[in-house]
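Colleague: One structure, as structure tokens, below. Some questions next.
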Amino acid sequence: MSAEDDEPGGETYFAERPRSRSARRELRFLYRGELLTFAVDAGIFASGGLDPGTALLIENLALRPTDRVLDLGCGWGAIGVAAARSAPRGHVVLTEVNRRAARLAEQNAARNDARNAEVRVGSLFAPIGDETFDVIATNPPYRAGRPQVVELLTQAPAHLAPGGRLLLVGKGSQGIRYYQAWLAGSWAPAVRVLGRGSGYRVLEARAAPTPAGAGSPVGEGVKNRRTLGRRP
């Protein structure tokens, strides 16, 4: 299911408080031989099941066991939960402006034993202050408009550790070729296409490595953060 098909009654899935009546259902999918189980609901992105863009992004995560990962705009948590299972000695932060989706993401992390994951409520990078990550993974809210997606891409380097990766999925009708060119012309000249399928492509944009002799930036403190929950 695509974003174009997923706005009940004209309501945008990136609304903070959806007005749609709750209609929960369960779904399952295999990831690396494990059966993961999720609850989904009306009024959030991909309420009918795992959309092909997100599935393609999950297939191309390629995480290290200790990676710090940000699932930006997590929806009901498919990417973040998969990341937590792939990086068991790392840490995953899932952010989401839609409060109904954020509650589901936290519940889905718990039901899939993703103890190294936490969910924070807020738009774009607001919930993470100045923290940095090895990987930022996102299926952006394209319906919010090009300015918001460009804002996301503009802010991303400040939240990537040296050599860190931004993983972005989209399709032609969502302007993914435009964003690929924008990244290449702005801060990621070596942007790569990691995967293609069902009209989608996954882009990888890398932050610059730390110059010789320079220290690595460290995120100190978290500003204006609203946390749904933490796990030890």
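Colleague: Can you go through ASP71, ASP41, ASP51, ASP67 and tell me which one is modelled with pLDDT under 95, among the charged types (D, E, K, R) and crowded, with 20+ Cβ neighbours inside 10 Å?
Modeller: After applying the criteria, what remains is ASP51.
Colleague: Among the residues of segment 183-205, write down those that are farther than 25 Å from ASP51 by Cα and surrounded by 19 or more Cβ atoms within 10 Å (Cβ to Cβ).
Modeller: ALA188
Colleague: Sort out which residues of segment 111-157 are surrounded by fewer than 17 Cβ atoms within 10 Å (Cβ to Cβ), in contact (Cβ under 8 Å) with a residue 24 or more places away in the chain and either of a type in the set (D, E, K, R) or under 21 Å from SER86 (Cβ atoms) (or both), and write them in order of number.
Modeller: ARG111, ARG115, ASP130, ARG143, ARG146, GLU151
The values are calculated or read from the model by the stated rules, or taken from the named source; none is laboratory data. Since the structure is predicted, the reported quantities are computational estimates derived from the model, not experimental observations. When we count neighbours, we look across all protein chains shown, and the Cβ atoms used for this are built from the backbone with ideal geometry, even at glycine.
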